[in-house]
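See below for the structure under consideration.
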Amino acid sequence: MGINVPAFVAAEIEIMVREIDDLRQEAIAAIGAAADLKSLEELRVHFAGRRSRLREILSSIGKLSAEERPIIGSAAGKAQRVIDNALEQRQAALEALSESSDSFDITLPGRRPHIGRKHPLTAMTDELVDVLRSMGFSVADGPEVDDEFHNFDALNTPADHPARDEHDTFYLDDGNLLRTHTSTVQIRVMQQQPPPIRVISQGRCYRKETVDATHHMVFHQIEGLYVDEGVSLAELKGTLTTLGRRIMGDRTEIRFRPHFFPFTEPSVEFDFSCTICAGEGQIQGSRCRVCKGTGWIEIGGAGMVDPNVFRAVDYDAEKYTGFAFGFGIERVAMIRYGIDDIRLFLDSDLRFTRQFGG
Ligand code: DAH
């Protein structure tokens with residue numbers, strides 16, 4: 001934007017006009033590049049403030065001749081308007097910028113909310129509880145810190161009984177212990193109410209175990225108890241068969257093997273037929289790894305409630321019979337989800353839990 005200087009004007013005036021022109025250009029460039037409101041304010045003071053060079057020029061206009069005055073006056077006035085305008089525009093632009101960085105930009109892609117999901121153990125427990133509830137069992141609860149009476153004595157396991165060795169646990173200073181199985185809840189429920197009883201209980205149990213891929217000192221069990229007049233072993237088998245089929249699939253078979261538990265007589269261990277090889281023991285000629293070629297998967301323990309247990313809770317052992325069963329939830333979940341190490345259930349790595357459930 002050149003300025004036409006008439007030919008009659010003195011050389012000093014021409015220099016002044018050039019200076020105004022340079023100032024204007026310099027100011028426009030600097031204002032356009034101002035990165036924030038603070039530096040813009042500094043530029044305002046420098047180029048348009050009371051002590052700016054432009055103001056100095058404008059205030060000295062009176063000393064000029066009548067011909068020179070309008071030339072400098074219009075050049076300086078024009079430069080000032082252009083600079084004021086540039087300052088205003090830049091200020092608006094910087095303000096808009098700082099506002100938008102504080103506020104929400106609806107054009108950005110949204111942040112995906114972190115949606116939690118059930119831990120595989122919780123999912124498995126819920127499923128087991130649902131099936132058993134649908135068969136008429138209600139859910140009972142008991143403490144994880146319990147006493148020797150509920151964990152052992154009332155379950156026909158006196159202090160000198162060798163079965164205690166397999167249930168070594170963590171004892172507290174006050175003589176209480178961390179329960180080694182959910183069978184404690186059988187006793188608690190029977191102490192509180194007369195037969196008939198049809199309850200399940202699930203929860204954390206503890207044992208003084210050496211931790212490896214299939215054993216942990218913290219694990220979960222689910223337990224069932226049915227007491228009434230005339231309850232039979234056939235009903236136990238029917239109940240567990242139904243449970244097995246609902247959890248493992250319609251063609252699941254059940255097998256009872258004689259066993260010993262202090263609190264049941266007779267006692268059995270029960271197996272489900274292997275869901276991986278459909279009980280064949282092999283898949284396409286090679287040994288099934290899940291059931292180790294046997295066609296059966298060991299699940300848990302069960303039996304008819306020992307009369308001594310009824311006596312411990314003041315039930316009439318002549319009148320009532322009952323069945324009970326109990327098994328580890330981790331074990332069923334491991335088979336169900338193909339998990340090969342029990343320690344993973346307590347792993348805080350979310351990559352583990354994210355693989356399961358919805
Ligand atoms: N409490 C047993 C255990 O932890 C499992 C068990 C076996 C529970 C037989 C029962 C039962 O209710 O009848 O090894």
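The values are calculated or read from the model by the stated rules, or taken from the named source; none is laboratory data. Computed from a prediction, not measured in an experiment: that's the story for all the values here. Here the Cβ positions follow ideal geometry from the backbone for every residue, glycine too, while neighbour counts run over all protein chains shown. Remember, those area values only see protein heavy atoms, side chains included, never the ligands or the DNA or RNA. Shrake-Rupley method; radii C 1.70, N 1.55, O 1.52, S 1.80 Å.
Just grab the label-to-label distance for ILE106 and ASP141, each label 7 Å out from Cα along the Cβ direction, in nm (one decimal).
Reported label-point gap for ILE106 and ASP141 is 4.6 nm.
Going by Cα centres, the stretch 190-217 and the stretch 259-311 are how many Å apart?
That distance is 18 Å.
Treating only the Cβ atoms of Lys and Arg (+1) and Asp and Glu (-1) as charged, compute the dipole magnitude of the chain about its Cα centre; round to the nearest 20 debye.
Dipole of the chain, to the nearest 20 debye: 1460 debye.
Counting pairs of alpha carbon atoms under 8 Å apart in space and at least six apart in sequence, what relative contact order in percent does the chain give?
15 percent
Roughly how many percent of the accessible protein surface of the stretch 120-353 is carbon and sulfur, given a 1.4 Å probe and a whole-percent answer?
Heavy-atom surface of the stretch 120-353 belonging to carbon and sulfur, 1.4 Å probe: 46 percent.
Given a cut-off of under 8 Å on Cα pairs at least six residues apart, what relative contact order in percent is computed for the stretch 11-100?
About 40 percent, as a whole number.
Using a 1.4 angstrom probe, figure out how much accessible area the stretch 71-143 has per residue, in square angstrom, rounded to the nearest whole.
Result: 67 Å² of accessible area for each residue.
Against the empirical 2.2 N^0.38 Å scaling, what ratio does the C-alpha Rg of the stretch 11-100 come to?
1.21
For a label point 7 angstrom out from the Cα of ASP21 toward its Cβ, which stretches of the stretch 65-97 have the backbone nitrogen within less than 11 Å?
From the stretch 65-97, the list is empty.
Rounded to the nearest 500 deg cm²/dmol, what is the calculated helix-only ellipticity per residue at 222 nm for the chain, with -39500 (n - 2.57) per DSSP H run of length n ≥ 4?
Rounded to the nearest 500, it is -12500 deg cm²/dmol.
Please express the Cα-Cα pair-distance distribution P(r) of the chain as a list of whole percents, one per 20 Å bin, running from 0 to the bin with the greatest distance.
22, 31, 8, 11, 16, 11, 1
Find the percent of Cα-Cα distances in the stretch 232-358 that exceed 24 Å, and round it to a whole number.
When every Cα pair of the stretch 232-358 is considered, 42 percent fall beyond 24 Å.
Ranked from highest to lowest mean number of other Cβ atoms within 10 Å per residue, what is the order of the peptides 303-310, 170-177?
The most tightly packed comes first, giving 303-310, 170-177.
Give the peptides 337-348, 216-227, 187-198 in descending order of average Cβ contacts within 10 Å, highest first.
216-227, 187-198, 337-348
Does the stretch 80-232 come out rounded, prolate or oblate by the C-alpha gyration tensor, with a ≥ b ≥ c the root eigenvalues, rounded set by a/c under 1.5 and, if not, prolate when a/b is larger than b/c and oblate if not?
Note, shape of the stretch 80-232 comes out prolate.
Given a Förster distance of 41 angstrom, what is the FRET efficiency for ASP165 paired with ARG117, based on the Cβ-Cβ distance and rounded to 0.05?
0.55
Of the accessible area of the stretch 11-100, with the probe set at 1.4 angstrom, what percent is carbon plus sulfur?
Carbon and sulfur: 53 percent of the exposed surface of the stretch 11-100.
Mind telling me which of GLU318, GLU229, GLU12 comes out most flexible in a GNM of the chain, alpha-carbon contacts under 10 Å?
Of GLU318, GLU229, GLU12, the Gaussian network model singles out GLU12 as fluctuating most.
Ordered by packing density, taken as the mean number of other Cβ atoms within 10 Å over each peptide's residues, highest first, how do 104-111, 327-334 rank?
The densest-packed peptide leads the list: 327-334, 104-111.
Measure off 7 Å from each Cα along the Cα-to-Cβ vector at ALA10 and LYS292, then give the distance between these two points in nanometres to one decimal.
Taking the simple label geometry, ALA10 and LYS292 are separated by 11.5 nm.
Suppose each label sits 7 Å from its Cα in the direction of the beta carbon; what would the ASP314-ILE276 distance come out to in nanometres?
Distance between the two pseudo-spin positions: 5.1 nm.
Could you work out how far the C-alpha centroid of the stretch 109-176 sits from that of the stretch 33-77, in angstrom?
85 Å
Can you list the cysteines of the chain that have no other Cys Cβ under 4.7 Å away?
CYS205
Between ARG251 and ASP228, how high is the FRET efficiency from 1/(1 + (r/R0)^6) when r is the Cβ-Cβ distance and R₀ = 30 Å? Nearest 0.05.
Plugging the Cβ-Cβ distance into 1/(1 + (r/R0)^6) gives 0.45.
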